[in-house]
Amino acid sequence: MSDWKLPWDGGCRCGQVRFRISVAPLLTMACHCRGCQRMSASAYSLSAAIPVEGFAVTQGEPVIGGLHGATRHFFCPHCKSWMFTRPEGLDHFVNVRPTLLDDASWVAPFVETCTQTRLPSAVAGASHSYESFPPMEDYSKLVEEYAKHGPRPGR
């Protein structure tokens with residue numbers, strides 16, 4: 001795992017909220033669902049699934065925004081940057097917006113989801129593509145393949 005060059009630091013646009021990632025991501029993803037399009041004000045949202053033990057807010061206090069349901073979306077209270085999501089029922093990882101990393105030059109989606117609502121011009125270049133979300137039985141294979149071949153800093 002040394003080729004991941006951890007830890008990574010990142011933060012919101014204004015810098016009031018900062019975080020640190022100290023373990024390798026399970027996957028990087030691009031989600032084309034309408035909700036992500038609206039929350040990101042873009043064609044898709046990028047996320048990196050980080051094991052919960054490897055993610056920490058190191059400065060500031062993010063607030064819940066977006067939808068206020070069981071899945072919690074966290075934002076900077078000042079600049080309103082969407083920073084990370086804690087998905088309902090999936091307490092073992094945090095979906096971090098990897099473009100907020102201090103060095104996001106290596107970030108690329110490995111999996112793209114919800115392509116049935118993909119905008120025609122939105123080409124994510126992911127290795128795996130799903131019209132909805134991957135079936136649960138696909139995740140272990142995807143995580144294993146990502147650990148071996150997924151994009152990472154300096155590669």
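For segment 96-118, filtering for residues that are within 11 Å of the chain's Cα centre (by Cα) and free of Cβ contacts under 8 Å to residues at least 60 places away in the same chain leaves 2. Filtered by the rule that a residue be surrounded by 15 or more Cβ atoms within 10 Å (Cβ to Cβ), in contact (Cβ under 8 Å) with a residue 40 or more places away in the chain and in a strand (DSSP E or B), segment 55-74 gives PHE55, VAL57. Selection within segment 18-43: residues that are touching a Cys at 6+ places or on another chain (Cβ under 6 Å) and outside any strand (DSSP E or B). The member of this set that is surrounded by the most Cβ atoms within 10 Å (Cβ to Cβ) is HIS32. Taken together, SER121, SER129 contain a single residue that is farther than 21 Å from GLY15 by Cα, surrounded by fewer than 18 Cβ atoms within 10 Å (Cβ to Cβ) and touching a strand residue (DSSP E or B) at 6+ places or on another chain (Cβ under 6 Å), which is SER129. Against the criterion of being at pLDDT 95 or above and either in a strand (DSSP E or B) or of a type outside the set (Lys, Arg) (or both), MET83 qualifies.
Matching residues to (1) over 26 Å from ASP3 (Cβ atoms); (2) free of Cβ contacts under 8 Å to residues at least 12 places away in the same chain:
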position	(1), (2)
GLN37	yes, no
SER42	yes, yes
PRO51	no, no
PHE84	no, no
HIS92	no, no
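The C-beta contact set for segment 11-26 (first residue more than 18 Å from TRP82 (Cβ to Cβ) and in contact (Cβ under 8 Å) with a residue 24 or more places away in the chain, second residue in a loop (DSSP other than H, G, I, E, B) and charged (D, E, K, R), distance under 9 angstrom, 6+ apart or interchain) comprises ALA24/ARG152.
Determine whether segment 70-84 contains at least one residue that is within 22 Å of TRP106 (Cα to Cα) and of a type in the set (A, V, I, L, M). Within segment 70-84, one or more residues are within 22 Å of TRP106 (Cα to Cα) and of a type in the set (A, V, I, L, M). Take VAL52 and tell me if it is among the β-branched types (Val, Ile, Thr), exposed (fewer than 15 other Cβ atoms within 10 Å of the Cβ) and closer than 18 Å to ILE21 by Cα. Judged against the criteria, VAL52 is a match.
The values are calculated or read from the model by the stated rules, or taken from the named source; none is laboratory data. In this text, all values refer to a predicted model and were calculated from it rather than measured experimentally. For neighbour counting, all protein chains shown are included, and Cβ atoms are generated from backbone atoms with ideal geometry for every residue, glycine included.
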